[in-house]
Every structure is written in structure tokens, then in C-alpha cells.
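What follows is calculated from the coordinates using simple rules that are stated; it is not laboratory data. On a predicted model such as this, the values are computed, not experimentally measured, just so you know. Please note: Cβ atoms are built from the backbone with ideal geometry, for glycine as well, and neighbour counts cover all protein chains shown.
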Amino acid sequence: MSNIITINAETRQNQGKGASRSLRREGKIPAVIYGGDKAPSHVSIESRKFDKEYKQSGFFSRLFDIELDGKKVRVLPRDVQLDPVTDKPLHIDFLLFVEGARISVDVAVNFIGEDVCVGLKRGGVLNIVRRSVELLCPVESIPDMIELDIANSDIGDSLHISQIILPDGVSPTITDRDFTIATIAAPTVMVEEDSATGEEDEETEKLADSASSNDTEGESANSSNED
């Protein structure tokens with residue numbers, strides 16, 4: 001798990017659309033912290049600090065400390081509402097850390113062994129079906145990412161969730177099938193070449209048939225002249 005970053009927050013005295021717009025004009029983002037047996041806390045955080053962390057990979061699988069009124073509470077980001085035009089964060093939902101709890105989190109898949117992959121060396125293409133997988137994790141040990149080794153995979157191979165070694169206590173939320181993460185697909189250039197070759201063969205056959213037909217007609221004409 002990555003180092004836990006601290007984000008400073010302030011309690012929001014006023015709520016509603018008007019108050020939220022005022023906060024955004026001040027360079028702050030309204031947020032809520034909920035979970036456990038506590039009432040939700042309505043807070044605001046600095047947008048500049050948040051934007052820096054939000055742009056990092058694996059944001060939704062990382063724990064943060066929110067410092068509020070001199071105390072720190074550990075949270076997990078669960079949702080970020082974005083402006084449909086500017087993509088700037090409008091509101092953030094944080095889930096309060098509760099020790100011993102298990103939560104579902106989307107965790108990024110990191111593909112390793114691409115430089116020595118058998119299928120890729122033969123011209124195959126890595127077709128990624130899932131760039132992340134929803135996992136059920138203990139809140140204390142959420143993985144930053146999971147790794148899938150494709151070094152020995154060849155063209156036509158499918159790579160499944162069962163081929164990933166998950167940390168202790170972590171399991172996929174989909175349990176009724178061994179779902180596909182990626183495949184090693186045949187290169188399209190091979191298909192195009194095969195198609196072109198087929199067209200050339202067909203054209204060659206047509207020319208051969210035409211030549212054969214002309215030869216037959218010539219022989220018939222010569223035979224008539226001899227008669």
C-alpha cells in the first residue's frame with residue numbers, strides 16, 4: 001500500500017448549491033465523510049491539493065488521512081462528481097475507515113513480461129479486456145495494483161483472473177466464472193496479407209483460365225483452317 005497522504009479539511013457550516021458554489025470560487029471543494037456508526041461530516045478541502053492526488057493512478061484504491069479540527073480520520077475516496085464541461089471536481093465522497101471492514105474496490109491491472117512475451121514477439125497484439133478488476137479487500141490492505149505476467153503467453157491465448165496471485169484476504173467480486181483479463185490476438189497485418197494472397201491467387205486462376213480458353217479457341221481455329 002502507498003504512503004498515506006494527509007489532506008487538510010475544514011468543517012462546512014453551510015450546505016446547499018449556493019454555499020458549494022461559493023466554496024469553489026474560493027478554490028475549495030465540498031466533500032462528505034460517511035460510514036461506520038457516525039453521522040456524516042460535511043467538509044471542504046483545497047482543490048489544488050486534491051487535484052494533485054486525484055491525477056495519480058489508483059486514486060480510488062488509496063487511503064487518505066483527512067485532518068479536521070486538529071484530528072485525523074482515515075478515509076477511502078468512493079466518488080468524485082465532475083463538471084460535465086470542465087471535468088473539474090465538484091464534490092467528493094469519502095468512506096470512513098473502519099478497522100476489520102471489507103470493501104469492494106476497483107484495482108488497476110499491471111501487465112508484466114511484455115518485453116519477453118512469446119506471442120508479442122511473434123507479432124501478436126495485447127488485447128486488454130479489463131484494465132481494472134473489482135476486488136473485495138480488507139480495508140487495511142487494499143493493493144495499489146495487481147500484476148498479470150504474460151511472458152509465456154502465445155497468440156490465441158486468453159488470460160484469466162485465476163492466473164493472478166491475489167494478496168491474502170483479497171478476492172474478486174465476480175465469483176461465478178473465471179473471467180478474461182486480456183488476450184493475445186493475431187496481428188491484423190497477417191489477416192490482410194492472407195486476404196491479399198487469396199485475391200492474388202484468385203486473379204492468377206482467372207488469368208490461367210483465360211489463357212487456357214484462348215489456347216483452346218486457337219487450336220479450334222487452326223483445326224478448321226487445316227480442314
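Note on LYS49: lysines with a C-alpha under 21 Å away, same-chain residues under 8 apart excluded, are LYS28, LYS71, LYS72, LYS88. With a cut-off of 14 Å on the backbone N, the residues of the stretch 92-114 near the modelled label site 7 Å out from LYS72 along Cα-Cβ are 97. Using only the Cα atoms of the stretch 5-98, build the gyration tensor, take square roots of its eigenvalues as a ≥ b ≥ c, and label the shape rounded, prolate or oblate: rounded if a/c is under 1.5, else prolate if a/b is larger than b/c, else oblate. Oblate is the answer for the stretch 5-98, as a/c is 1.5 or above yet b/c matches or exceeds a/b. Taking each residue as 0.36 nm, the span from THR6 to VAL80 lengthens on full extension beyond its C-alpha to C-alpha distance by 24.9 nm.
Per-peptide packing, taken as the mean over residues of other Cβ atoms within 10 Å, places 115-123, 39-47, 83-91 in the sequence 39-47, 115-123, 83-91 from highest down.
Annotation for the stretch 6-103: trypsin sites (Lys or Arg not before Pro) lying in DSSP loop with at most 14 further Cβ atoms inside 10 Å of their Cβ are LYS38, LYS55.
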